[in-house]
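S.K.: This structure is in structure tokens; I'll ask about it shortly.
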Amino acid sequence: MVFGPMVDGGHEQVTYVSDPETGLRAIVAIHDTTLGPSLGGTRFLDYDTEADALEDVTRLSKAMTYKAAAADLPLGGGKAVILGNPDDLKTDALLEAYGRAVDNLGGRYITSVDVNTGVEDIEVVKQETEYAVGTGDGLGDPSPITAHGVFHGIQTSAEHVYGTDSVEGLEVVIQGLGKVGQALAEELSSAGADVTVSDIDEAHVAAFADEHDVDTVAPGDVYEQSCDVFAPCAVGGVVNDDTIPQLECDIVAGAANNILAERRHAEVLREQGILYAPDYVINAGGLITVAKEYLGGTREEAYEEAAAIGDRLGEMIENAERQETTVLTAAEEYAENRIERADSGQEPAVPAE
């Protein structure tokens, strides 16, 4: 069962980890280390089946390869999942056992925070391995930096569609008011955009809207809300066969991972005249931050590199127009070209320690 997803996804290594004493069951997927050691978060989820966990970790690790390559980082793509209910299983002893498992990979995989793993968890993991980033004594919360990259991606998208990179008066609907969604809403509002927010937490939406003077829309009506930019910043898969016909926007550009339910939806959006800014390109600010922490750098440098996401996206949009294809295809080509150059010795890579 394991070799099928590995071969199909082009993965270098998939490692199963078990520690009966703590109940640890984990899968670490290393997709590609051509550009450098693989970096990606560890999520702790109660998957329905082992097959679901394997599918998730292989899909996510491959996406991390493209995210790192498209962000011009000297890193490869990896991801890990810990199977089980974190409320029942998460203990320091389990996280320490997991840290030892990461350490045994010898630097081929560097872990960080993800779904149901926070800074305090990674600090426990780091007691057992140096190959962990995103701790309290690191570069701090990456959410504002992620939002900053998305902001610049929206600017570039607006310049392509409307002929100006000013967001003043731009109507943006933000789906999801987590840390990144909030930071994006604040930055856009400060720059003069007309922001509308939506979240399943109605009380949180009302409080945020009152504090920041933005509009709101109910979660069930968010797709058909007329706007210039639809910015999904919550769960993935929200742009799909059901929602695309409802969209009343010119641009889809958000911070959520895997915004498209299927890759083919990029072409569907293009056919409808909607510009899609690939999520793994414009939401790379978080990865840039933890990469800076691992490779050495400052928070200010992370902000600068996140701002450069806009220029990189602009190059991809131009390539897509020239080739009469989607920006997603152009982004994939950009990432794959970097990997090919490193593989052939034309671009230096950072080896695992």
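The values are calculated or read from the model by the stated rules, or taken from the named source; none is laboratory data. Values in this document were obtained by computation on a predicted structure and should not be read as measured data. Cβ atoms come from the backbone with ideal geometry, glycine included; neighbour counts cover every protein chain shown.
S.K.: If you go through the range 309-324 one residue at a time, how many are crowded, with 16+ Cβ neighbours inside 10 Å and either touching a residue at least 12 places away in the same chain (Cβ under 8 Å) or in contact with a Gly (Cβ under 6 Å, 6 or more places away or on another chain) (or both)?
M.R.: 8
S.K.: Is there any pair linking a residue in the range 200-227 that is of a type in the set (A, V, I, L, M, F, W, C) to one that is part of a helix (DSSP H, G or I), with Cβ under 8 Å and at least six apart or on different chains, and which?
M.R.: Pairs found: ILE200/PRO219; PHE208/GLN182; PHE208/ALA185; VAL214/ALA185; VAL214/SER189; VAL214/PHE208.
S.K.: Any residue at all in the range 203-216 that is among the acidic types (Asp, Glu), surrounded by fewer than 19 Cβ atoms within 10 Å (Cβ to Cβ) and in contact with a strand residue (DSSP E or B) (Cβ under 8 Å, 6 or more places away or on another chain)?
M.R.: Checking the range 203-216: at least one residue is among the acidic types (Asp, Glu), surrounded by fewer than 19 Cβ atoms within 10 Å (Cβ to Cβ) and in contact with a strand residue (DSSP E or B) (Cβ under 8 Å, 6 or more places away or on another chain).
S.K.: Given the conditions (1) under 21 Å from GLY169 (Cα atoms); (2) free of Cβ contacts under 8 Å to residues at least 60 places away in the same chain; (3) not β-branched (Val, Ile, Thr), and given that HIS265 satisfies all but one, which numbered condition is not satisfied?
M.R.: (1)
S.K.: Follow-up. Residues in the range 268-292 that are in a loop (DSSP other than H, G, I, E, B) and free of Cβ contacts under 8 Å to residues at least 40 places away in the same chain: how many?
M.R.: Number of matching residues: 3.
S.K.: For GLU123, only one of the following conditions fails: (1) assigned to a helix (DSSP H, G or I); (2) without any contact (Cβ under 8 Å) to a residue 40 or more places away in the chain; (3) closer than 21 Å to PRO20 by Cβ. What is its number?
M.R.: (3)
S.K.: Quick one: count up the residues across the range 87-120 that are modelled with pLDDT of 95 or more and not in a loop (DSSP other than H, G, I, E, B).
M.R.: 19
S.K.: For the range 296-307, which positions are in a helix (DSSP H, G or I), out of contact with any Ser or Thr (no Cβ under 6 Å at 6 or more places or on another chain) and surrounded by 15 or more Cβ atoms within 10 Å (Cβ to Cβ)?
M.R.: ARG299, TYR303, GLU305, ALA306, ALA307
S.K.: Give the residue that is farthest from LEU177 (Cα to Cα), with candidates limited to residues of the range 191-214 that are of a type outside the set (Gly, Ala, Ser), part of a strand (DSSP E or B) and touching a helix residue (DSSP H, G or I) at 6+ places or on another chain (Cβ under 7 Å).
M.R.: VAL195
S.K.: Do you know which residues across the range 250-260 are surrounded by fewer than 22 Cβ atoms within 10 Å (Cβ to Cβ) and either within 24 Å of GLU324 (Cβ to Cβ) or free of Cβ contacts under 8 Å to residues at least 24 places away in the same chain (or both)?
M.R.: The answer is ASP250, and nothing else.
S.K.: Which of the following residues is farther than 26 Å from VAL115 by Cα and either in contact with a helix residue (DSSP H, G or I) (Cβ under 6 Å, 6 or more places away or on another chain) or part of a strand (DSSP E or B) (or both): GLU224, GLU187, GLU248?
M.R.: That would be GLU224, the only listed residue that is farther than 26 Å from VAL115 by Cα and either in contact with a helix residue (DSSP H, G or I) (Cβ under 6 Å, 6 or more places away or on another chain) or part of a strand (DSSP E or B) (or both).
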